[in-house]
Amino acid sequence: MLAIAITFPAGRFHATPWGRHVNEAAVAWPPEPLRLFRALIAVWHRKLGPAAHPRERLASLLARMAQAPAPRIRVPEDAIHGHTRHYMPARQGKTTLVFDAFARLAPDDPIVFGWPELQLPAAELRLLDELLAGLSYFGRAESWAIARRCEWAGGFNCLPAAPAAPAVDDETGEILGEIVRLEVPLAPEDYRTLREQRLGREARPAARLRKSLPEDWLDAIGADTADFQAAGWNKPPAARAVPYRRPAGALPAVARRPPPPASSAPSTTRPTTARFALYGKPLPRIERAVRVGEAARVAAMAVSRYLFGPDRLPPELSGHFVDTGGGVHRHPHAFWLPEPNPSGEVDHLVVHAPGGFSEDALLALHAIRFLRSEDGDPLRVMLEDVGALSRFADAGSLVGESAVWRSVTPYLHPWHLKARDMRSPEAVHSAVQGQLQREWQARADGLAPIIEVLPVDEVQAGGRALAPVHFHRFRKKRGLVQPDTLGRFVQLRFERPVRGPVALGFGCHFGLGLFAPLGDSVV
């Protein structure tokens with residue numbers, strides 16, 4: 001087996017994935033095999049040259065590596081995502097904010113590329129050893145590196161996968177890993193086919209296109225970035241995207257902690273609220289709030305199964321327990337509440353469990369890295385803070401304090417209306433008001449009662465007037481009895497100010513029936 005180990009004395013690996021903007025703060029993790037090939041070519045040009053080793057030998061070495069199956073990769077399990085922010089000089093004396101993202105890892109913990117079935121001739125092994133000895137950085141120039149050929153028996157955690165491989169088992173919710181696409185060099189014969197097809201499409205290929213597709217395969221692998229970008233490529237043409245499965249949460253923003261011991265002792269100081277930031281293009285709109293809330297719970301269940309097994313799911317996250325007082329369910333488990341920004345996009349998620357989070361639940365919340373979306377790429381999430389509800393008084397729009405609250409998403413009454421309640425719009429409103437008051441009083445003792453319920457025709461989100469029909473109003477879970485399928489907007493007035501979050505009605509644990517203090521700028 002051929003194995004190449006790379007360590008980073010400064011403890012940092014800087015590299016932006018192909019086709020991504022540097023200000024996205026993304027890190028190429030694991031590093032693309034294409035990046036290794038280009039680094040070896042650069043070392044040959046700058047430090048060895050044809051006097052030491054002929055160009056044909058370099059081409060033969062890299063061709064053998066490219067013709068072999070895509071390499072297996074091992075990345076350090078304790079690496080974390082970090083970044084710095086700088087204001088860089090721009091035009092006319094202005095500055096621009098730049099994100100510099102990197103992977104933070106132990107200086108002696110290597111990244112390993114492995115080709116299990118590849119055997120190289122002695123001359124090419126000597127060339128490879130000299131190339132690796134001359135490799136002083138990998139990725140950007142800040143990524144000081146030490147590379148060597150090694151005998152590796154530690155296994156690999158990033159492996160080529162099927163193109164449509166799922167990251168999470170749809171039935172069990174078990175985490176199978178994250179699917180990422182890495183650029184791998186084309187074999188010489190595949191590149192020649194690509195070049196002939198691309199140039200043959202046009203009677204007179206443009207000069208830029210010809211320059212980006214050189215006849216020599218080695219020149220194509222090491223092509224200058226400016227040349228192929230000028231021809232419209234966002235990555236070297238002599239490469240192919242290979243799906244790899246890497247460990248779930250392979251590059252977290254915070255260091256992992258071992259699972260704490262299970263404890264059944266109640267705590268009066270448990271944190272009750274967590275707030276996540278969401279990242280993605282595009283961000284979901286508030287009209288899809290229930291989909292975001294459900295996706296958040298699915299992600300929490302998946303990481304809980306991964307961390308603790310299916311028999312030790314934190315009940316405050318799963319909701320699979322009943323905590324009653326006087327025969328009334330008091331909703332102690334988690335509410336997954338999407339929080340919109342002024343444009344009507346969901347850019348934060350508030351998770352609130354009135355009964356508090358256990359240590360297992362906190363560990364699961366820290367482990368959530370992405371939410372699966374119905375279309376497009378998964379939404380990445382970052383836990384901003386966790387603590388008591390009062391800690392979030394000035395954060396966002398859902399955890400405020402007011403005597404008047406207005407709908408952000410449609411309220412759906414949780415119990416069926418009787419025939420006498422549907423004789424007129426006034427009767428319906430009166431019945432809905434009764435259900436609201438009944439549900440609110442059942443939450444906990446001592447809360448200020450609802451003294452007024454007013455109908456609201458529409459809500460504003462991002463300059464748009466929205467009606468209930470514009471929102472997703474159905475849970476994806478099968479077999480649910482849904483007394484109300486239409487929904488309505490209302491304004492609640494309490495006897496005295498109450499602190500949010502306020503969520504009532506059918507689907508209130510997943511973003512339906514969500515309210516915000518009157519006068520908040522997002523609604």
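Quick one: is S373 out of contact with any helix residue (DSSP H, G or I) (no Cβ under 9 Å at 6 or more places or on another chain), under 30 Å from P468 (Cα atoms) and among the polar types (S, T, N, Q)?
Judged against the criteria, S373 is not a match.
Among the residues in segment 150-157, are any more than 24 Å from V27 (Cβ to Cβ), at pLDDT below 90 and under 23 Å from the mean Cα position of the chain (by Cα)?
No, the conditions are met nowhere in segment 150-157.
Being within 24 Å of A296 (Cβ to Cβ) and modelled with pLDDT of 95 or more is the requirement here; does L412 meet it?
On the way: within 24 Å of A296 (Cβ to Cβ): yes; modelled with pLDDT of 95 or more: yes.
Yes, satisfied.
Under 7 Å between Cβ atoms, which residue pairs at least 6 apart in sequence (or on different chains) link something in segment 487-499 that is within 14 Å of P410 (Cβ to Cβ) with a partner that is among the polar types (S, T, N, Q)?
From residues that are within 14 Å of P410 (Cβ to Cβ), the pairs are F489/S407; V490/S407.
For segment 159-174, what are the residues that are over 18 Å from the mean Cα position of the chain (by Cα) and either part of a strand (DSSP E or B) or at pLDDT 85 or above (or both)?
L159, P160, A161
Got at least one residue in segment 491-500 being closer than 26 Å to A395 by Cα, in a loop (DSSP other than H, G, I, E, B) and at pLDDT below 95?
So in segment 491-500, the residues closer than 26 Å to A395 by Cα come out as 491-500.
Among the residues that remain, those that are also in a loop (DSSP other than H, G, I, E, B) are: 500.
Filter once more, so that each one left must be at pLDDT below 95: 500.
So far as segment 491-500 goes, yes, one or more of its residues are closer than 26 Å to A395 by Cα, in a loop (DSSP other than H, G, I, E, B) and at pLDDT below 95.
In segment 435-465, what count of residues is obtained for those that are farther than 26 Å from E287 by Cα, assigned to a helix (DSSP H, G or I) and at pLDDT 90 or above?
The total comes to 1.
Of everything in segment 54-100, what is more than 27 Å from R192 (Cα to Cα) and of a type in the set (S, T, Y)? Give them in sequence order.
Listed by number, the residues that qualify are T84, Y87, T95, T96.
Between a residue in segment 33-46 that is closer than 13 Å to L128 by Cα and among the hydroxyl-bearing types (S, T, Y) and any residue that is open to solvent by 10 Å² or more (accessible area, probe 1.4 Å) and in a helix (DSSP H, G or I), which pairs come within a Cβ distance under 8 Å, given they are 6 or more apart or on different chains?
Close Cβ pairs (under 8 Å, with a partner that is open to solvent by 10 Å² or more (accessible area, probe 1.4 Å) and in a helix (DSSP H, G or I)) do not exist here.
Taking only pairs six or more apart or across chains, which ones have beta-carbon atoms under 6 Å, a first residue in segment 1-28 that is assigned to a loop (DSSP other than H, G, I, E, B) and modelled with pLDDT of 85 or more, and a second residue that is buried (at least 20 other Cβ atoms within 10 Å of the Cβ) and aromatic (F, W, Y)?
H14/F102
Restricting to segment 50-85, name every residue that is of a type in the set (D, E) and either within 31 Å of the chain's Cα centre (by Cα) or open to solvent by less than 20 Å² (accessible area, probe 1.4 Å) (or both).
E77, D78
Can you tell which of F474, F510 is among the hydrophobic types (A, V, I, L, M, F, W, C) and touching a Ser or Thr at 6+ places or on another chain (Cβ under 9 Å)? Step through it out loud before you land on a result.
On the way: F510 fails: touching a Ser or Thr at 6+ places or on another chain (Cβ under 9 Å).
Criteria check complete, one pass: F474.
Scanning segment 87-106 for residues that are open to solvent by 70 Å² or more (accessible area, probe 1.4 Å) and touching a Phe, Trp or Tyr at 6+ places or on another chain (Cβ under 9 Å), which turns out nearest to Y244 (Cα to Cα)?
Going residue by residue through segment 87-106, those that are open to solvent by 70 Å² or more (accessible area, probe 1.4 Å) are 87-89, 91-95, 104.
Now drop any that are not touching a Phe, Trp or Tyr at 6+ places or on another chain (Cβ under 9 Å), which leaves 95, 104.
Numbers: T95: 38, R104: 21 Å.
Looking at the filtered set, the residue picked out is R104.
Give me the pairs: first residue in segment 183-198 and more than 10 Å from A238 (Cβ to Cβ) and assigned to a strand (DSSP E or B), second residue at pLDDT 95 or above and of a type in the set (S, T, N, Q), beta-carbon distance under 9 Å, and six or more apart or on different chains, which are they?
Close Cβ pairs (under 9 Å, with a partner that is at pLDDT 95 or above and of a type in the set (S, T, N, Q)) do not exist here.
If you go through segment 406-444 one residue at a time, how many are over 17 Å from R488 (Cβ atoms) and in contact (Cβ under 8 Å) with a residue 12 or more places away in the chain?
Residues that pass the stated criteria total 4.
When residues of segment 379-411 are filtered for being open to solvent by 70 Å² or more (accessible area, probe 1.4 Å) and touching a Leu at 6+ places or on another chain (Cβ under 8 Å), how many remain? Steps first, answer last, please.
Residues of segment 379-411 that are open to solvent by 70 Å² or more (accessible area, probe 1.4 Å), as a first pass: 380, 382, 384, 390-391, 394, 401, 406.
Now narrow it down to the ones that are touching a Leu at 6+ places or on another chain (Cβ under 8 Å): 380, 406.
Residues meeting the conditions: 2.
Only one of (1) open to solvent by 30 Å² or more (accessible area, probe 1.4 Å); (2) modelled with pLDDT of 90 or more; (3) over 19 Å from G507 (Cβ atoms) fails for D421. Which number is that?
Condition (2) is where D421 drops out.
Any idea which residue in segment 200-212 is surrounded by the most Cβ atoms within 10 Å (Cβ to Cβ), counting only those that are under 16 Å from A230 (Cβ atoms) and not polar (S, T, N, Q)?
The initial filter retains those residues of segment 200-212 that are under 16 Å from A230 (Cβ atoms), namely 205-212.
Remaining after also requiring not polar (S, T, N, Q): 205-211.
Details: P205: 15, A206: 12, A207: 10, R208: 14, L209: 19, R210: 15, K211: 15.
The residue in question is L209.
Which one of these does G139 not meet: (1) on the phi > 0 side of the Ramachandran plot; (2) without any contact (Cβ under 8 Å) to a residue 12 or more places away in the chain?
Checking G139 against (1) on the phi > 0 side of the Ramachandran plot; (2) without any contact (Cβ under 8 Å) to a residue 12 or more places away in the chain, the one that fails is (2).
From G200, G177, G139, G232, grab the single residue that is within 25 Å of the chain's Cα centre (by Cα) and modelled with pLDDT under 85. If you could, list the steps in order and put the result at the bottom.
Working: G200 fails: within 25 Å of the chain's Cα centre (by Cα); G139 fails: modelled with pLDDT under 85; G232 fails: within 25 Å of the chain's Cα centre (by Cα).
Being within 25 Å of the chain's Cα centre (by Cα) and modelled with pLDDT under 85 holds for just one of G200, G177, G139, G232, which is G177.
The values are calculated or read from the model by the stated rules, or taken from the named source; none is laboratory data. Please read all numbers here as calculations on a predicted model, not as lab measurements. Here Cβ is always computed from backbone atoms with ideal geometry, including for glycine, and neighbour counts include all displayed protein chains. Protein only, heavy atoms only, side chains kept; ligands, DNA and RNA dropped before computing areas. Shrake-Rupley method; radii C 1.70, N 1.55, O 1.52, S 1.80 Å.
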